[in-house]
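The values are calculated or read from the model by the stated rules, or taken from the named source; none is laboratory data. Given the structure is predicted, the values throughout are model-derived calculations rather than measurements. As a convention, Cβ positions derive from the backbone with ideal geometry for all residues, glycine included, and neighbour counts pool all protein chains shown. Just so you know, the surface numbers come from the protein's heavy atoms only, side chains and all, with ligands and any DNA or RNA stripped out. Shrake-Rupley method; radii C 1.70, N 1.55, O 1.52, S 1.80 Å.
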Amino acid sequence: MKILRITTGDLQENAYLLTDEATGSVAVIDPGSPDPALMEAVRASKDQVAMILLTHGHFDHIGAAEAVRALTGASVYAAEEELPMLADAEKNLSALFQVPTELTGVLPLHDGDRLLLGNLSVQAMHTPGHSMGGMCFLADGVLFSGDTLFAGSVGRTDFWGGDGAMLLHSVRRLARLPGDCRVLPGHGEETTLARERLYNPYCGEEHEI
C-alpha cells in the first residue's frame, strides 16, 4: 500500500492518493481543490484510478471531485446522509466562499460497507458529528479520518448538520478501535490512535463539546 498526501486550497486540506501496490489501483480521497499538484498526480495515474472517496461534503474536501471524475471516469462515493449537502452549495459552504459547487451522481455508502481497491479492502465507518454524513475510511491499519479526528483535536460542529454529541460518540468509537492505527486527517499532520488516546482530550469520556 502506498499513500501520497497533497495539501490543497486556501484551507490547507489534505487530499490523498491511496494505491494498492499489488495491482496499481488508486483511490483518490477528498480531492479538495483542483490545484496543479493534485491534478498532475491524478493525470499520472488516471487509468488506475478506481474510485473517489469523500469523508464528508464540505467544499474544501470536494472542490476537485468533479474534475477528477471527468478525468478518470471513476465513481464518487460518500455516506448516504451526506448526499443532500453535496448537492447544495449553501449547505456545503461553497457558495459562502464564492466557489459554488453542487456534486450529484454520488454513490451512497453505509457504515460497515467495504470497497475493494485491487487487493486492498477499504472499510467505511460512519462517524457523524462534524457533518451528518461524516465518514472515515480504514485500510490495512491506516485510518483516513477526514474532519472527524485531528492530531490533538476534532472537527468543528457549528456548520449545517453538525452535532457535538454525535461527534464525541464518533471520536470515542474511533478511539476504541483495536491496535494502533496510523491516522491521516483532513487537515494538519498525521498522528496515531495510540497518541490520540493519550493526549487528545476529546477521546476521554469526561470531555464535552
Which whole-number percent gives the relative contact order of region 143-209, counting Cα pairs below 8 Å spaced six or more residues apart? 42
Which of rounded, prolate, oblate describes region 10-50, given a ≥ b ≥ c as roots of the alpha-carbon gyration tensor eigenvalues and a/c under 1.5 marking rounded, otherwise prolate only if a/b is larger than b/c? prolate
For region 31-186, with every protein chain kept in place, what is the accessible area per residue (1.4 Å probe, Å²)? 40
Magnitude of the Cβ-charge dipole (Lys and Arg +1, Asp and Glu -1) of region 79-170 about the Cα centre, nearest 20 debye, reported as 200
Treating the beta-carbon of each Lys and Arg as +1 and of each Asp and Glu as -1, no other charges, what is the dipole magnitude of region 16-135 about its Cα centre, to the nearest 20 debye? 220
Local electrostatic count at Gln123 - Lys and Arg +1, Asp and Glu -1, tallied over other residues with Cβ under 12 Å: -2
Cut-off 10 angstrom, C-alpha nodes, Gaussian network model of the chain. Which of Asn119, Asn92, Asn14 fluctuates the most? Asn119
Accessible-area order for Glu81, Glu13, largest to smallest, probe 1.4 angstrom, reads Glu81, Glu13
Cβ-based net charge around Leu109, under 13 Å, with every Lys or Arg adding one and every Asp or Glu removing one: -4
One quarter of the C-alpha convex hull surface, i.e. the mean projected area of region 2-155 in nm², amounts to 8.1
Rel. contact order, % - alpha carbon contacts under 8 angstrom, at least six apart, region 1-119: 22
Residue of Asp147, Asp20, Asp158 that the Gaussian network model of the chain assigns the largest fluctuation, springs spanning Cα pairs under 10 Å: Asp158
About its Cα centre, what dipole magnitude does the chain give when the only charges are +1 on Lys and Arg Cβ and -1 on Asp and Glu Cβ, stated in debye to the nearest 20? 480
Rounded to the nearest 500, the 222 nm mean residue ellipticity computed for the chain from DSSP H runs (n ≥ 4, each -39500 (n - 2.57)) alone is -5500 deg cm²/dmol
Can you pull the accessible area of Met1 for me, 1.4 Å probe, Å² to the nearest 10? 70
For region 51-105, rounded, prolate or oblate, judged on the Cα gyration tensor with a ≥ b ≥ c (square roots of eigenvalues), a/c < 1.5 rounded, else prolate if a/b > b/c? oblate
Net charge near Leu17, counting Lys/Arg +1 and Asp/Glu -1 over other residues with Cβ under 9 Å of its Cβ? +2
The chain: relative contact order as a whole-number percent, Cα under 8 Å and 6+ apart: 15
Whole-angstrom gap from region 106-126 to region 78-99, using each part's C-alpha centre: 21
